[in-house]
Amino acid sequence: MSAPNVQPTRLSLAITEYVAHLRAKGRADNTVASYQTLFNRALVEWGDIATNTVEPIHIDRLMAAAGWSASTQSQYVSQLRAFWKWLRACRYTWPDHDPTATWGALKVPEKEHMRVPRHDFWNLLEAAKHPRDRAVVAVSLFTFLRGSEIVSLRWKDVRFDEGILKVKRHKTKTLDDLAISNELREELVRWQNWYRSDQGTIRADWFVTPSKGPDFYIQNPDTGRLMVDRNRLARLKPDVKLGKPYECVQRSLKACGYDTHGQGVHTIRRSGAYERFRVLSEQGTDMAIMEVASTLGHSDIRTSQRYIGWNMAREKRNENIIGRDMFPGLKPEGNIRLIQGGADAAEA
């Protein structure tokens, strides 16, 4: 049997074609950006070598040099594996060539992420220095939407009469009618009034939380530091999408004394989901995790469980066991002689 017609190419050319392939498949922008970050680092470490010359030692060298966390390594190995599957399909390498074969699933250590407690939610809103930032925090807090979903909302998606937001879930490419809570309605009406006073009107196709012009600053007479002039707030750019929603959240987090490193919209999303699950559990709501997962836009409740974290499950576990029977009715009738103590008691 003759060997397949393999035509290796330079790594940079293959990467360009693969990124175009991802975009043609409709992959989300942040997914494509993740691949590009990986490929850029690989080109630095490996050089622009031929696609059929990458070996397991190259993967080892890349992972060692980059110093990524276990979760990031696992993600990037998975992406490289998909890339090499595409290379084989395009005959840019040999049919059995897979330099990631020596890398299995990595053990990702359990980690409790930062969450803002419920009693600080109002403080986050009040800490926003610009009404637009407050609107971003409010929508995140009361919908659990991703940053990309928040910045894509337009006023035509806000249906006050129906009590819903028309949301496009970019990650799953689905549409969702998300309920508007009383808190969110109040915040949106407040924001809408400011928005209208800033622009003179509101058009249905304008973004709900758009970009804005630069802030005006004044000098604090007490500290001498520059501060945002709240009497001359920056005007909105209603038809320009907000580029970095996480910065709006970070400003509020910082003002409330939280460490903002690595934090953003996902922090508020995670915090809201955690506290909502607590509320539903306290109310005795059946399938609380399913409701929270639906609001988060997750199709797998295991992902939602990671958002909520295991601490809550441990707390509820102990509350339900301490001072109670684990298996009611298990003990026989009558008195049972209990022997407490260590080895000496056991021998007696």
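The values are calculated or read from the model by the stated rules, or taken from the named source; none is laboratory data. None of the values given here were measured: they were computed from a predicted structure. Backbone-built Cβ (ideal geometry, glycine too); neighbour counts: all protein chains shown. Ligands, DNA and RNA are stripped out before the accessible areas are found, and what is left, the full protein with its side chains, is counted by its heavy atoms. Shrake-Rupley method; radii C 1.70, N 1.55, O 1.52, S 1.80 Å.
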Pair list, Cβ under 8 Å, 6 or more apart: the range 59-80 residue farther than 16 Å from SER34 by Cα, other residue buried (at least 18 other Cβ atoms within 10 Å of the Cβ) and of a type in the set (Phe, Trp, Tyr):
ILE59/TRP103
Working only within the range 168-189, note down all residues that are without any contact (Cβ under 8 Å) to a residue 40 or more places away in the chain and under 20 Å from LEU141 (Cβ atoms).
LYS168, ASP177, ALA179, ILE180, SER181, ASN182, ARG185, GLU186, VAL189
Looking at (1) at pLDDT below 95; (2) acidic (Asp, Glu); (3) in a helix (DSSP H, G or I), which is the one condition that is false for GLU186?
(1)
Test TYR92 against the criterion of being touching a residue at least 60 places away in the same chain (Cβ under 8 Å), among the hydroxyl-bearing types (Ser, Thr, Tyr) and outside any helix (DSSP H, G or I), and give yes or no.
yes
Please specify each residue of the range 193-232 satisfying the condition of being polar (S, T, N, Q), assigned to a helix (DSSP H, G or I) and touching a residue at least 12 places away in the same chain (Cβ under 8 Å).
GLN199
Looking at GLU149, is it of a type in the set (D, E, K, R) and either at pLDDT below 90 or within 16 Å of ALA135 (Cβ to Cβ) (or both)?
yes
Please list, ordered by first then second residue, the pairs with beta carbon atoms under 8 Å, 6 or more apart or interchain, first in the range 272-288 and assigned to a helix (DSSP H, G or I), second of a type in the set (Val, Ile, Thr) and open to solvent by 30 Å² or more (accessible area, probe 1.4 Å).
ALA273/THR295; ARG276/THR295; PHE277/ILE289
Could you list all residues from the range 196-219 that are open to solvent by 40 Å² or more (accessible area, probe 1.4 Å) and either over 28 Å from ARG185 (Cβ atoms) or among the charged types (D, E, K, R) (or both)?
ARG196, ARG203, ASP205, PRO214, ASP215, PHE216, TYR217, ILE218, GLN219
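Determine, yes or no, whether VAL77 is open to solvent by less than 50 Å² (accessible area, probe 1.4 Å) and part of a loop (DSSP other than H, G, I, E, B).
No, not satisfied.
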Residue set VAL208, VAL240; condition among the β-branched types (Val, Ile, Thr), touching a helix residue (DSSP H, G or I) at 6+ places or on another chain (Cβ under 9 Å) and modelled with pLDDT of 90 or more; output residue VAL208
In the range 174-188, how many are open to solvent by 60 Å² or more (accessible area, probe 1.4 Å) and of a type in the set (A, V, I, L, M)?
2
Return the only residue of ILE49, ILE57 being open to solvent by 80 Å² or more (accessible area, probe 1.4 Å), more than 30 Å from GLN263 (Cα to Cα) and of a type outside the set (S, T, N, Q).
ILE57
Among residues of the range 99-138 being among the acidic types (Asp, Glu) and assigned to a helix (DSSP H, G or I), the residue most open to solvent (accessible area, probe 1.4 Å) is GLU126
Number of the exception - LEU141 against (1) open to solvent by 30 Å² or more (accessible area, probe 1.4 Å); (2) in contact (Cβ under 8 Å) with a residue 40 or more places away in the chain
(1)
